[in-house]
Amino acid sequence: MEKMEEVAWEDFGQKVDLTARIREILLNYPEGTPILKELVQNADDAKATTIRFCLDQRVHSSEGLLDPKLQRFQGSALLVYNNAIFSEHDFQSISRIGDSVKRKQTGKTGRFGIGFNSCYHLTDLPSFVSGSHLVIFDPHCAYLPNVSASNPGKKINFVENRAATRANSGQFAPYQGWGCDLTAGRPWPGTLFRLPLRTPE
């Protein structure tokens with residue numbers, strides 16, 4: 001029988017042969033500042049009025065993680081905050097790699113299409129908090145428990161699943177900042193992307 005905190009995590013990930021598609025995007029998408037420009041564009045499309053970048057060099061506990069393999073992502077990361085909240089439409093869009101639903105929306109030039117995936121130049125495990133959800137993508141299906149090529153990620157409503165928040169406290173700790181407290185039991189009025197930086201390992 002699965003533990004209650006594991007059941008709270010629903011499968012949520014980008015679809016297609018993800019590693020091949022990401023490799024293709026990265027070959028055709030430049031490294032460097034375009035990654036930051038894409039995140040600014042996404043915030044603008046979401047009608048955010050504030051965006052902040054932070055190189056977070058904190059090292060977080062390896063206790064209370066979904067899987068011990070996630071310990072390698074508890075160190076330095078690029079944090080990108082904006083004061084907009086994902087809609088259900090946005091969650092659908094970010095999970096459709098290169099097939100964003102934003103294409104049909106006028107006034108939206110870069111919302112979670114190919115550009116967001118430029119973050120894979122920096123990280124193997126992008127994640128974000130928005131409203132009452134935490135999403136973690138694992139395109140290699142190598143670090144999160146119970147993921148597959150058809151669902152290479154996890155999404156949790158941390159407000160409704162407080163037991164999982166307590167049981168996986170180490171998993172939630174890296175998002176503390178800019179007033180974000182996933183243990184407070186309420187939605188957070190913003191979006192915080194966390195891109196753990198690759199190490200030589």
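The values are calculated or read from the model by the stated rules, or taken from the named source; none is laboratory data. The structure presented is a predicted model; accordingly, all values stated were derived computationally and were not measured. We place every Cβ from the backbone using ideal geometry, glycine too, and count neighbours over all the protein chains shown. Note: accessible area is taken over every heavy atom of the protein model, side chains too, but ligands, DNA and RNA are not part of it. Shrake-Rupley method; radii C 1.70, N 1.55, O 1.52, S 1.80 Å.
Odds and ends about this structure:
- Distance between the 7 Å Cα→Cβ label points at GLN57 and THR183: 2.6 nm.
- With a Förster radius of 25 Å applied to the beta-carbon distance between SER76 and ARG96, the computed FRET efficiency rounds to 0.30.
- Stretched out straight at 0.36 nm per residue, the stretch from LEU36 to ALA163 would grow longer than its current Cα-Cα span by 42.2 nm.
- For the set GLU160, GLU24, solvent exposure ranked by accessible area (probe 1.4 Å, protein chains only) runs largest to smallest as GLU160, GLU24.
- Accessible-area rank, largest first, for VAL59, VAL40, VAL159: VAL59, VAL40, VAL159, with all protein chains present and a 1.4 angstrom probe.
- Other-chain or far-sequence residues with amide H under 5 Å of PHE12's (modelled H): GLY153, LYS154, LYS155
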